[in-house]
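> Please find one structure pasted underneath; my questions will follow.
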Amino acid sequence: MKRLLLLLALFGFCLPAHPQEPQAAASGSLESYLEKALSSNLVLQQRNLELSKAINSLEEARRLFLPTAAASAGFLSGVGGRYIDLPLGTLLNPAYGTLNQLTNSQSFPEIGNVAAYFLPKDQWDAKVRTSMALVNPDLYYNRAIQKENVRLKDYEVAIYKRELVKNIKTAYYNLLLADANTAVQTNARTLVQKQLYNVRKQVAAGSALPAQVHRADAEAQAVESQLAAATNTGANARNYFNFLVNQDLASPINTAGFEPDAALIAYSSQEAATAQREELNALGQAVSIYELQTKMRQAFWMPRLNTFLDLGNQSTGGLKYNNRSRYYLYGFSLDAPLFAWGTNKLKTQRATYDARMAQLDKQNTQQALTLSATNARNDVQTAKAQLASAKSQNAAANSYFTLTEKAFASGAAPFIDYLDARTQLTNSEIGLNAAKYRLLAAHATQERETATYALK
């Protein structure tokens, strides 16, 4: 008894404390791939960068209202060029002479005339200019446009996410369909090999013709070809799926535990979408942007008022810094258009046309989206009917093959009936798989057209 307890204890110690989880949860493997794709898809990363750029542009538009400061320094020196004569000696020397006579002194010496050149001589100038826009409608409208552009880019990201989700789901279903067809063809190969073995036995026993061996061999070669085609289709489906989720094309894909029937039930439990499509929201943002651009064009007549303040140091004859060299200078500038041959009105009209075109595009897109959602719903109903028909055909083909196989084994059915029963069985299984995954793909399309997938 002690030995038994010891063995049980050792056996329990060797077992893992918790069962190991699979590579991805069986029911959530597709969702895990969707999450991975939404975080690593290259095109989606580009869309997110465009959104980040739009946010950056909005912040830049906001900061245009703030004052700006810039430092500048310069040195100028020249000789010759334009000048002006200043007759200081001619004007002052007579007065100085009279003063010298009155004071009986030479306190007021004679001075000469001066030629003042316009070019500066050894002039230094360094300043900091602070400027700010006080009234500028372009800045207000630009900020509003950038806000709308951020929302537009956000909707574009959501649009691509929904399209990516649909493509990934469809690719996943195509992969599962290829695997299912490969399994069907593998089973068909087993049946035809068994069939070929039985025919050869019957020929050896004299109960079948040798031509039946050739027919059975040709049937086996055809199944091998179909199996190779199904395998290649599965390989291509895997490559495309790995491409969508941004992983190595040779990476294994977890499809274990996926139940088409459970997925169909989950789709059927979804409610109809009540939210507006992101495409319509994006077009609404485009209309708003064009309307703001129209208003900005219409405000061309408003004056633009700016102000500035200079704090600097200016000296001549050398670099100096004292009470006389320091200075400040401030001012205002007012710009208002007067006449431009009507070009501003033409620009306003063009912006109005753009806004109207965007509105018409939104109306047309809304009708197109309604049509596509209706078609998607009809496609789901058609796929459901096809699935029901495929199930009935498969059940009938299974029954027919079972009966024919028993009759052929007992010699009560001809060889051609057995071939026909096996072909019907394989075709019905392939048709059933296609109907199931066609319905899943139709649900994925309807989910895309009605925007029912919850984006994270």
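The numbers here are math on the coordinates, done by the rules we state, and not lab data. Everything quoted here is computed from the prediction, not taken from an experiment. Neighbour counts run over all protein chains shown; Cβ positions are idealised from the backbone, glycine included.
> Hey, which aspartates and glutamates would be in cross-link range of LYS347, C-alpha to C-alpha under 15 Å, not counting anything within fewer than 8 residues on its own chain?
Reachable aspartates and glutamates: ASP138, GLU291.
> With the cut-off at 41 Å, report for the chain the share of all Cα pairs above it, as a whole percent. Spell out each step's value before the answer.
Numbers: 59796 of 103740 pairs.
That tail contains 58 percent of the Cα-Cα pairs.
> Compute the FRET efficiency between ALA250 and LYS406 as 1/(1 + (r/R0)^6), taking r as their Cβ-Cβ distance and R0 = 35 Å, and round to the nearest 0.05.
FRET efficiency, ALA250 to LYS406: 0.20.
> How about region 62-95: which chymotrypsin sites (Phe, Trp or Tyr not before Pro) there are in a DSSP loop, with at most 15 other Cβ atoms within 10 Å of their Cβ?
PHE65
> Sticking with this one: Among the aspartates and glutamates, select those whose C-alpha is under 13 Å from the C-alpha of LYS194, and discard any that sit fewer than 8 residues away in the same chain.
By straight Cα distance, LYS194 reaches ASP217, GLU219, GLU405.
> Next question. Cut-off under 19 Å on the C-alpha distance; same-chain residues fewer than 8 positions from LYS127 excluded. Which aspartates and glutamates are left, in chain and number order?
List returned: ASP310.
> I've got another one for you. Can you list the HN-Hα couplings for region 399-414, worked out from phi with the Karplus curve (6.51, -1.76, 1.60; θ = phi - 60°), rounded to whole Hz and with x for Gly and Pro?
5, 4, 5, 4, 5, 5, 4, 5, 5, 5, 5, 8, x, 8, 10, x
> Just how far, in whole angstrom, is region 403-456 from region 287-316 if you go by their alpha carbon centroids?
70 Å
> Further question: What is the pair-distance distribution P(r) of region 218-340, computed from all Cα-Cα distances in 5 Å bins starting at 0, with each bin given as a whole percent?
2, 7, 6, 6, 7, 7, 8, 6, 5, 5, 5, 5, 6, 6, 5, 4, 4, 3, 1, 1, 1, 0
> Let me ask something else. Calculate, in nm to one decimal, what ASP261 and PHE308 gain on full extension: separation in residues at 0.36 nm each, minus their alpha carbon distance.
Gain on extension, ASP261 to PHE308, equals 9.6 nm.
> Filter the cross-link list LYS166/LYS456; LYS53/LYS147; LYS169/LYS436; LYS53/LYS295; LYS161/LYS384; LYS391/LYS436 down to pairs whose alpha-carbon distance in this structure exceeds 18 Å.
Going by Cα-Cα distance, LYS53/LYS295; LYS161/LYS384 fall outside the 18 Å limit.
> Let me ask something additional. If I model a spin label as a point 7 Å beyond the Cα along the Cα-Cβ vector, how far apart are those points for PHE339 and VAL203 in nm?
10.6 nm
> Loop only by DSSP, 16 or fewer other Cβ within 10 Å of the Cβ. Give me the chymotrypsin sites (Phe, Trp or Tyr not before Pro) in region 309-381 that pass, ordered by residue number. Don't skip to the answer; put the middle values down first.
Values: sites: TYR321, TYR327, TYR328, TYR330, PHE332, PHE339, TRP341, TYR353; in loops: TYR321, PHE339, TRP341.
Qualifying residues, ordered by number: TYR321, PHE339, TRP341.
> Which loop-located trypsin sites (Lys or Arg not before Pro) does region 23-111 contain, where loop means any DSSP state but H, G, I, E or B and the Cβ has at most 14 other Cβ atoms within 10 Å? Intermediate results must be reported in sequence, preceding the final value.
Working: sites: LYS36, ARG47, LYS53, ARG62, ARG63, ARG82; in loops: ARG82.
Answer in residue order: ARG82.
> Would you mind calculating the gained length between ASN398 and LEU455 on full extension (0.36 nm times residue separation, minus the Cα-Cα distance), in nm to one decimal? All intermediate terms of the calculation are to be shown ahead of the outcome.
Numbers: separation 57, 0.36 × 57 = 20.52 nm, distance 4.25 nm.
So the chain would gain 16.3 nm between ASN398 and LEU455.
> How much length is gained if the chain between ALA434 and LEU139 is pulled fully straight, taking 0.36 nm per residue apart and subtracting their Cα-Cα distance, in nm to one decimal?
Values: separation 295, 0.36 × 295 = 106.20 nm, distance 5.85 nm.
Gain on extension, ALA434 to LEU139, equals 100.3 nm.
> Give me the dipole magnitude in Debye, nearest 20, for the chain about the Cα centre, with unit charges on the beta carbon: positive for Lys and Arg, negative for Asp and Glu.
That gives the chain a dipole magnitude of about 420 debye.
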